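A.B. asks: Questions regarding the structure given below will be posed in turn.
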Amino acid sequence: MSARTIGIIGGGQLGRMLAMAAARLNFRTVILEPQPDCPAAQVANAQITAAYDDPAALSKLAEMCDVVTYEFENVPVAAADSLSRSVPVYPPPRALEVSQDRLVEKRFLNECGIETARFKSVDSQDELETALESFGGVGVLKTRRMGYDGKGQKLFRSPADDATGVFAELGGVPLILESLVPFEREISIIAARAIDGTIACYDPAENVHKNGILHTSTLPAGVSETTVDQGRKAARAILDHLSYIGVIGVEFFVLGDGTLVANEIAPRVHNSGHWTEAACAISQFEQHIRAIVGYALGDPRRHSDCVMQNLIGDDIDNLQEWLARPDVLVHLYGKTEARPGRKMGHITQLL
């Protein structure tokens, strides 16, 4: 088997784990990333050190690769479109377009027949105050673009919360106000769609966040089979509507009656799917590689219950404790400096 080459836009830990999975299936990888010492470059075959939208770099990536994918959803859509004229780009650029703007994303989910929180577009301080009034003074205000891990958000818990100047505080950029959802728990479903349209869904993980960052993902999630079926149906609808190829993460709120409200989609491998490398024969990373190169999808069934925990900042200080555990898989990301809020690795404990 001659080794074909996969291009990966983005050099973080997700790109790193994709490159590792690709190598196991005899694929070479080339990383496009402006940071020269990025985690993914440590395990890839080559790196193009340039901006994600650099025309010369994109041309070089297309020449070197048989297919291109990406590890994060803020890849410039124009860059992905440009690449797609020369080499297959999976997931399709349309998925980036939908996921990069929370307003577009919410409308898309509703078009797929999937319930979301109520939402209103906010483009000024006056529109913010009007939208808050219509939501009874409570809601979560978010930047429409570029927010992640709780960044670019403002929570209004009661009508007494002061909204004065908040539009300017969030940068004076287009915003979206979402109603608060009275959820009991949060879950996510990792799913994949192959080139031939075949779809495979992993079991839902129950997620707990701290300071806006995913802390743990637990399997099984404490939800009914009816709820699981509803989540899988929603994931399938999203994948088919986008003619998607690759792995996607779909986050949901679970209401008291077990029904689901979609929160957001991530057109890539997802933090809440890291458990699959320890508790499934085929990880989400291998599944993504299989999908984008035209291989058959693997069996997504898990063989063990588990808890995945992110190692964030100085959590890494407990590394020796985790390494001493016989039931724990440790995965570090090649980062040499621990900072508050920085993901240094993760562990998955089999139960």
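Every read-out reported here was derived from the displayed coordinates using simple, explicitly stated rules and does not represent laboratory data. In this text the structure is predicted, and so the values were computed from the model without any measurement. With ideal geometry, Cβ positions are generated from the backbone for all residues, glycine too; neighbour counts draw on all protein chains shown.
A.B. asks: In the chain, which longest range has no GluC sites (Glu not before Pro) that are both DSSP loop (not H, G, I, E or B) and surrounded by at most 13 other Cβ atoms within 10 Å?
C.D. replies: 1-183
A.B. asks: Could you tell me the distance between the Cα centroids of region 192-268 and region 74-116, to the nearest Å?
C.D. replies: 17 Å
A.B. asks: Just report the Cα centroid separation between region 153-181 and region 316-351, whole Å.
C.D. replies: 35 Å
A.B. asks: log₁₀ I(q)/I(0) of the chain at q = 0.07, 0.13 Å⁻¹, via Debye over equal Cα point scatterers, no solvent, to two decimals?
C.D. replies: -0.29, -1.06
A.B. asks: Can you list the residues of region 240-271 with backbone N under 12 Å from a point 7 Å past the Cα of GLU184, pointing along Cα to Cβ?
C.D. replies: Taking a point 7 Å out along Cα→Cβ of GLU184, the residues of region 240-271 whose backbone N falls under 12 Å are 254-260.
A.B. asks: Now a separate question. How many angstrom separate the Cα center of region 272-298 from the Cα center of region 1-66?
C.D. replies: Taking the Cα centre of region 1-66 as reference, the centre of region 272-298 is 18 Å away.
A.B. asks: Another one. Determine the dipole magnitude for the chain: charges of +1 sit on the beta-carbon of Lys and Arg, -1 on that of Asp and Glu, nothing else is charged, the reference point is the Cα centre, and the result goes in debye to the nearest 20.
C.D. replies: Approximately 780 debye in magnitude.
A.B. asks: Taking every eigenvalue of the Cα gyration tensor of region 185-350, multiplying by 5 and rooting it, what semi-axes result, largest first, whole Å?
C.D. replies: Whole-Å semi-axes of the equivalent ellipsoid: 26, 19, 15.
A.B. asks: Need one number: nm distance between label points at ASP162 and GLU129, each 7 Å from Cα along Cα→Cβ, rounded to one decimal.
C.D. replies: Those two pseudo-labels are separated by 1.4 nm.
A.B. asks: Then there's this: Just THR218, THR116, THR164 to compare: in a GNM of the chain, with alpha carbon springs under 10 Å, which one fluctuates most?
C.D. replies: Of THR218, THR116, THR164, the Gaussian network model singles out THR164 as fluctuating most.
A.B. asks: May I pose another question? Rank ALA163, ALA194, ALA131 by mean-square fluctuation in a GNM of the chain with C-alpha springs under 10 angstrom and give only the top-ranked residue.
C.D. replies: ALA163
A.B. asks: For ALA324 and LEU25, compute 0.36 nm times the residue count separating them, minus their Cα-Cα distance, and round to one decimal in nm.
C.D. replies: Stretched fully, the ALA324-LEU25 segment lengthens by 104.6 nm.
A.B. asks: Have a look at VAL67, VAL104, VAL228 and tell me which one the Gaussian network model of the chain (Cα, springs below 10 Å) gives the largest fluctuation.
C.D. replies: It is VAL104.
A.B. asks: Something else now. Kindly write out, for region 253-270 in residue order, the coupling ³J(HN,Hα) from the Karplus curve 6.51 cos²θ - 1.76 cosθ + 1.60 (θ = phi - 60°), rounded to whole Hz, with x marking Gly and Pro.
C.D. replies: In residue order, the calculated couplings are 8, 9, 7, x, 8, x, 6, 10, 10, 6, 9, 7, 10, 10, x, 5, 4, 10 Hz.
A.B. asks: Can you give me the distance in nm between label points at GLN42 and LEU332, each placed 7 Å from the Cα along the Cα-to-Cβ direction?
C.D. replies: 0.7 nm
A.B. asks: So what is the relative contact order of region 86-245, in percent, for Cα pairs below 8 Å that sit 6 or more residues apart?
C.D. replies: Result for region 86-245 is 24 percent.
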